[in-house]
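**Q** The structure follows.
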Amino acid sequence: MHKFLKLAIGFAMATVAGLSSASAQQSMADPLRKDYYANLKGKKVVFVPVFMGLDLTEGWSKIMAKQAKDLGYSYEVRNSNFNTAAGAQTITSLISEKPDVIVVQNPDVQSYAKLLQQAEKAGIRVIQLNMKTNYQTTGFVGADVELIGEKQAEAAVAKCGAGAQPGKILILAGPPTSPFSAYMLKGYENILNNNPKVKVVSVQSTGDYESAKAKSITQVVLQQHPDLCAVLGVWDNTDVGTAAALQEAGKKPGDVFVTTSGGGGELACKGLRDGMWQYYVSYDVPGQGRDLNALIMAALQDKNSVGSTKTVLYTPLVTYTPATLGDERCWSLDTLR
C-alpha cells in the first residue's frame with residue numbers, strides 16, 4: 001500500500017513538473033514573415049497571353065490572380081487576342097509602365113524576343129510561359145515540348161509498327177514559327193526518323209491551331225491514304241477537328257490512332273471517353289500554375305540585378321489513355337485552387 005502511494009505521488013509530481021515545463025514554453029515570431037508580406041505591397045504582375053478564353057490561359061490566369069489577391073500585390077491581364085502586333089505593342093507600353101514582373105506567352109520564337117530583352121534592361125523581370133523565345137529571360141515555366149513529341153511518337157510506333165508494311169502517320173503541326181510546334185516536331189523526328197516500322201505520309205500546319213483546318217487536312221489525307229494508321233496532333237482543341245474528320249469518314253474510335261496534348265482540362269477526359277483520341281500527354285495546368293506562382297514570388301523578392309538569375313522549370317508530364325483515365329485527373333476552372 002505504501003509502495004503504491006509513493007508511485008502515485010511520484011507520478012503526480014512528474015505530471016506537475018511536466019505542466020510547469022510546458023507553461024514555460026514561449027511563442028516566437030517568424031523573423032521572415034513580416035518582411036515577406038511587406039515586400040509584396042505595391043508590386044505589380046502583368047500577364048500577356050496569346051489569347052484568353054482558352055482553358056489553358058484562363059486556368060493559368062485564375063491561379064496567378066488568386067495568389068496576387070491572397071498576398072496583396074497587383075495582377076492584371078493584357079490580352080493580345082491572337083494578334084502578334086497587338087502583343088508587341090502591349091509589351092512596348094509595359095516597358096514604359098514598369099511593372100515588377102511580366103508573364104508572357106509567346107506566339108513564336110522571334111516576335112517578342114528583342115522586346116523581352118529591352119524589358120529586362122529596363123529592370124522588369126520577365127517570365128515566359130509554356131511558349132518561349134530564343135532569348136532566355138529571368139524565368140521559364142512550361143512543358144518540355146520536345147519530350148511531348150517523343151512520347152506521342154513512341155505511342156504511335158507501338159501502335160503502328162507491328163504490321164508487315166510500315167504504318168502510315170499524319171503529323172498535324174501548329175504555326176510554322178510557333179516554338180511549341182517547332183519543338184514538338186523535333187521530338188517526333190527524334191523517334192520517327194530512321195524508324196522503318198512507320199512512314200510519315202504528310203506533315204502539315206493547322207495555321208493558328210485551327211480545328212477546321214485540322215479537319216480539312218485529315219479529310220484530304222484519308223482520301224489519299226485510306227489505310228492511315230495514326231495522327232500526331234499538336235493540341236487537343238485543334239484535334240477536335242481531326243476526330244470529326246475521322247468520324248465522318250466512317251472510322252471507329254481507334255481505327256486511326258490519334259495522339260494529342262494539352263493542359264489536362266475537361267476536354268482531355270472527354271476526348272478519351274468519346275474516342276476522339278487514344279493517347280494524351282498533359283502538361284498539367286494546375287501544376288504549371290503552382291510552379292509559375294513560385295517563380296513569380298522568387299522574382300518579386302529577388303534583390304539582385306535583373307538578368308543575374310535565370311531559371312527554367314519544365315513541368316512534369318502526365319500521360320492519359322482510356323485504360324488509365326480517371327475523371328479526377330482532368331481539371332476545370334471550378335476545381336482550380
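**Q** From the list Ile169, Ile148, which residue is surrounded by 24 or more Cβ atoms within 10 Å (Cβ to Cβ) and over 25 Å from the mean Cα position of the chain (by Cα)?
**A** Ile169
**Q** Go through (1) under 19 Å from the mean Cα position of the chain (by Cα); (2) assigned to a loop (DSSP other than H, G, I, E, B); (3) basic (Lys, Arg) for Arg290 and report which single condition fails.
**A** Among (1) under 19 Å from the mean Cα position of the chain (by Cα); (2) assigned to a loop (DSSP other than H, G, I, E, B); (3) basic (Lys, Arg), the lone unmet condition for Arg290 is (2).
**Q** Only one residue in Pro99, Pro49 is over 19 Å from the mean Cα position of the chain (by Cα), of a type outside the set (S, T, N, Q) and at pLDDT 95 or above, so which one is that?
**A** The conditions single out Pro99.
**Q** Moving on to the next point. Looking at the stretch 112-131, which of the residues that are among the polar types (S, T, N, Q) and free of Cβ contacts under 8 Å to residues at least 60 places away in the same chain is surrounded by the most Cβ atoms within 10 Å (Cβ to Cβ)?
**A** Filtering first and then ranking leaves Gln128.
**Q** Suppose the filter is closer than 22 Å to Ala294 by Cβ and among the aromatic types (Phe, Trp, Tyr); does Tyr112 pass it?
**A** no
**Q** Please list, ordered by first then second residue, the pairs with beta carbon atoms under 6 Å, 6 or more apart or interchain, first in the stretch 132-161 and in contact (Cβ under 8 Å) with a residue 40 or more places away in the chain, second assigned to a helix (DSSP H, G or I) and of a type in the set (Val, Ile, Thr).
**A** Glu150/Ile191; Ala153/Ile191
**Q** Can you tell me which of (1) buried (at least 22 other Cβ atoms within 10 Å of the Cβ); (2) more than 15 Å from the chain's Cα centre (by Cα) is the one Leu300 doesn't meet?
**A** (1)
**Q** While we're on this one: What residue, among those in the stretch 151-163 that are of a type outside the set (A, V, I, L, M, F, W, C) and not in a loop (DSSP other than H, G, I, E, B), is surrounded by the fewest Cβ atoms within 10 Å (Cβ to Cβ)?
**A** The qualifying residue surrounded by the fewest Cβ atoms within 10 Å (Cβ to Cβ) is Glu154.
**Q** Given the conditions (1) surrounded by fewer than 18 Cβ atoms within 10 Å (Cβ to Cβ); (2) over 30 Å from Asp35 (Cα atoms), which single one is not true for Asp108?
**A** So the condition that Asp108 fails would be (1).
The values are calculated or read from the model by the stated rules, or taken from the named source; none is laboratory data. Please read these numbers as outputs of a predicted model, since none were measured by experiment. Using ideal geometry, Cβ is built from the backbone for each residue, glycine included, and neighbour counts are taken over all protein chains shown.
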